[in-house]
1. Find, among the trypsin sites (Lys or Arg not before Pro) in segment 145-210, those assigned to loop by DSSP (not H, G, I, E, B) with at most 16 other beta-carbon atoms within 10 angstrom.
2. Stretch residue 243-residue 265 to full length: gain in nm at 0.36 nm per residue minus the Cα-Cα span?
3. Karplus couplings for segment 139-148 from phi (6.51 cos²θ - 1.76 cosθ + 1.60, θ = phi - 60°), rounded to Hz, Gly and Pro as x?
4. Could you work out the pair-distance distribution P(r) of segment 192-240 from its alpha-carbon pairs, with 10 angstrom bin width and percents rounded to whole numbers?
5. Would you kindly derive the ³J(HN,Hα) couplings of segment 167-183 from the backbone phi angles with the Karplus curve 6.51 cos²θ - 1.76 cosθ + 1.60 (θ = phi - 60°), listing them in order in whole Hz, with x for Gly and Pro?
6. Which loop GluC sites (Glu not before Pro) in segment 41-102, with loop taken from DSSP, have no more than 16 other Cβ atoms within 10 angstrom of their Cβ?
7. Based on a Kirkwood Rh over C-alpha pairs, give the Stokes-Einstein translational diffusion coefficient of segment 1-141 at 37 °C and viscosity 0.692 mPa s in µm²/s.
8. Could you list, in their original order, any pairs among 113/349; 437/487; 246/487; 109/349; 386/437 whose Cα atoms are separated by more than 26 Å?
Amino acid sequence: MLFEKDEIHFHNFLEEIRKYRGITIEQLCSGLCSVSQMHYIQSGERLPDYLMRNRIMARLGISSEGYEDYVQFDEYDRWIKRQKLISYIEDSKWSEAARFLYELEKEWKKISKIEQQFLLDMKARILIHEDAGYFEIFEVYEKIVSLTAEGVLKGGRINIFLSQVEYYYVINYLYYKYKAKADDIKKISGELKEIINKILLSPLIGIARAKVLPLAVVKYFEIVQDRTFSFDDVWKYSCEAIEVLKDTERCYYLKELVHLRKIIVSENRKVNDISIEGKAVDIIENLKYEYFFMIPMWQNGYIYRDSQVNCIADVIRARRKMLGIGRKDLSDGICSERTLERIEAKHSKPQQYVMNALFEKLHLVGEYRRTEIITTNIELINRFNKYREEINQKRYDAALESAEYVIRNLDKKYISNKQVLIRLKSLNDLLNNKIDKQRYINNLEKAWRLSIGVDISVSEDCILTNGEVVLLHNILLQKKEKDNRQKVVVDYFKRMSDYTFYSYFSLYELLKDWEASSLGNNGFFQNQTKYPLKYY
């Protein structure tokens, strides 16, 4: 078997990160579950569901974007329905959203605190659209916050180890408390300022911080802007927010941030140059009116975009067919063929050891949650993420250094890790002129064959890990001729429904960048005159 008791499991990963962050079990589970329940989770005696795994990791400062989650079919069904509801909200299908929300509230009799918070937030968004009274919206967010962060309501010390979505709820709670005039405005602004400082001190980094800091700054400014107030702290906070958006290549509340900075500059006669941010907003506005309608940020489901979610039954069935493995061969030595048939038909849930063994034969890692590299070492994960950022920004010297660190320290016994190591070392050698482009392609093809030894262009079902898609992307990007695998992957994304594709957002961005590069290399943009780009 691939996994032994002392090897990687969610609880080991959790314990390593908790110790790395210096967070106590009491701080981590506050408002979520009892201390005894968290002990069971950390010891591996109890596996939390997908929502709880996400919430725990988020409280530890880990953004789930880029992670892959494998869930049982009943959890997957609920996840799909949550995505469908978000899609209705984002598409301004308000009557469908209200009706579907009502159906879910009736259908989901047993509901966790986390799922209840989600449904209440969707209710609040519908109320905002309907121009409901501020006090009614405030009461909804008050109830949301009371479920896992009750200390905020009592005016007690705020737990610094909240997740980004919990900070999101608290910010909206305070903002609508102000709009409803339910308390002293000076007190509310002070509480929101404290939240901003808590976010800056919290473990939230990268995308996790980008999802809430800009929102908090914008709402804080809205509360204090019409009062006698020094804007120095707002300016400082807005600089922090702009910086985290730059670092993560996101634009959450960018337009509002630039707007408030313009007001501060004009009213306080500051000499700060904000032309770059202004030009960025102009570009976004231009794209908005020429290409698509941009929904307001409050209506956007960005706060709920996290990991790539896969149904275990679907993965086993589709991956088996893609690799050309019969049920008899896959089940041999693991379970009966009939049991495998029931698993694939979603009539039975595989136990952990069965899932591990089946996944191993399918060249996958049998973990319920995983990142592209298999390790519990958070410093190594951070360094690998830093490498990806550096290579995407074409900071090659820094990327080479980060890659060498990963190559030295990453465990080589997992196939996915071997593929990453081959990819990193080959790119390092290419950048250092130790190998030519053809040798680079050959190395990546060798890494690809470690897990995919068949022609996927003839398969109707295509299930690839994030690492395999990135590997394939790098192979095809270097090739001048067309490759059938490119069409397979693009078609794979086209088959997704609107409300599931957001789960694969980082991969979608990668493929669209790939497609744009191909068009650019073929002279498409030079010949395109219908929509001239004004800023490039």
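1. When the trypsin sites (Lys or Arg not before Pro) of segment 145-210 are filtered for loop state and at most 16 Cβ neighbours within 10 Å, 154, 157, 181 remain.
2. 6.1 nm
3. Each residue of segment 139-148 in turn: 5, 5, 5, 4, 5, 4, 5, 5, 6, 10 Hz.
4. Going out from 0 Å in 10 Å bins, segment 192-240 shows 26, 57, 15, 2 percent.
5. 4, 4, 5, 5, 4, 5, 4, 5, 5, 6, 5, 5, 5, 7, 6, 8, 6
6. 45
7. The diffusion coefficient I find is 190 µm²/s.
8. Distance filter (> 26 Å) returns 246/487.
The values are calculated or read from the model by the stated rules, or taken from the named source; none is laboratory data. Predicted, not measured: the structure shown is a model, and the values here were computed from it. All Cβ positions, glycine included, derive from the backbone under ideal geometry; neighbour counts span all protein chains shown. For the accessible areas, the whole protein counts, side chains as well, though only heavy atoms, and no ligand, DNA or RNA atoms are used. Shrake-Rupley method; radii C 1.70, N 1.55, O 1.52, S 1.80 Å.
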